[in-house]
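One structure below.
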Amino acid sequence: MALTNYEPRIAIVYASVTGNTKAVAEILQEICISEGLEVELRSVNDFSSTELSRYDAVLVGTYTWGSGEIPKEMHRLFEAFESPNRTGLVTAVFGTGDSFFAEFCGAVDRFRDMLFVQTDLAATLKIELVPQEADIIRCEKLIASVTKRLPAFPRYIGGYNE
Ligand SMILES: Cc1cc2nc3c(=O)[nH]c(=O)nc-3n(C[C@H](O)[C@H](O)[C@H](O)COP(=O)(O)O)c2cc1C
């Protein structure tokens, strides 16, 4: 059995004003921790886009404002993903919105379309306002889709005989 010290690093970077998207980010963080994954939960306000290259996977969380728009504080992060050499970065995008509006979670759609082209997009998740019990399984599926794409997960590699 070969044991590698390599631990995939995951960042959850979110924007949230009234706490709904933050609540989803915290659920995702808890799932990662329960899976034994190394994860950092970061508000986009305290996250520098130059840090993107430190991670194997980045989970982007955004609310939607205006008419289906990406919040201002997410613009710099959005542009950072658009730069070249991100194709190997595993990503997912999640968000909360209000289906009262014409473009439900429009910011998630805009991130999804860009991340699909620029990165290795694993999953998308839209939640109506406050996350409910039933959303936990959807969060678990998102994390499962991300971890499937991380090369060194599980951590035991090569020559393993039971
Ligand atoms: C001015 C304004 C515009 C909004 N526009 C949209 C929209 O176009 N689409 C949508 O799905 N939700 C829209 N919302 C709802 C928010 O995205 C939703 O309340 C979200 O859960 C807030 O996230 P937060 O609690 O993380 O800040 C809007 C809310 C406000 C106040």
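Taken together, the values in this text are just the output of simple stated rules run on the coordinates, not laboratory data. Owing to the predicted nature of the structure, the values given are computational and were not obtained by experimental measurement. Using ideal geometry, Cβ is built from the backbone for each residue, glycine included, and neighbour counts are taken over all protein chains shown.
Table for the structure above
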{"item": "Listed pairs K72/K141; K22/K72; K72/K148 exceeding 21 Å between Cα atoms", "result": "K72/K141; K72/K148"}
{"item": "For peptides 17-23, 132-138, 50-56, sequence by mean Cβ density within 10 Å, most packed first", "result": "17-23, 50-56, 132-138"}
{"item": "Around T18: net Lys/Arg minus Asp/Glu count, Cβ-Cβ under 15 Å", "result": "-3"}
{"item": "Between the stretch 95-144 and the stretch 56-87, the Cα center-to-center distance that results, in Å", "result": "13 Å"}
{"item": "Selected from G61, G88, G97 as most flexible by GNM, with the chain as the system and alpha-carbon contacts under 10 Å", "result": "G88"}
{"item": "Around R149: net Lys/Arg minus Asp/Glu count, Cβ-Cβ under 10 Å", "result": "-1"}
{"item": "Given charges at beta-carbon only (K, R positive; D, E negative), |dipole| of the chain in Debye", "result": "300 debye"}
{"item": "Hz values of 3J(HN,Hα) by residue in the stretch 87-100 - Karplus curve (6.51, -1.76, 1.60), Gly and Pro given as x", "result": "5, x, 7, 6, 9, 8, 10, 9, x, 10, x, 10, 5, 4"}
{"item": "Relative pair counts by distance (%), Cα atoms of the stretch 86-146, 5 Å bins", "result": "4, 20, 25, 23, 17, 9, 3, 0"}
{"item": "Cα→Cβ-extended label distance, 7 Å offset, between D98 and S83, nm", "result": "3.6 nm"}
{"item": "Length released on extending from E51 to L129, taking residue separation times 0.36 nm less the Cα-Cα span", "result": "25.2 nm"}
{"item": "Cα-projected label distance for K141 with E35, points at 7 Å along beta-carbon direction, nm", "result": "1.4 nm"}
{"item": "Volume in Å³ per residue [convex hull over Cα atoms, computed for the stretch 8-157]", "result": "98 Å³"}
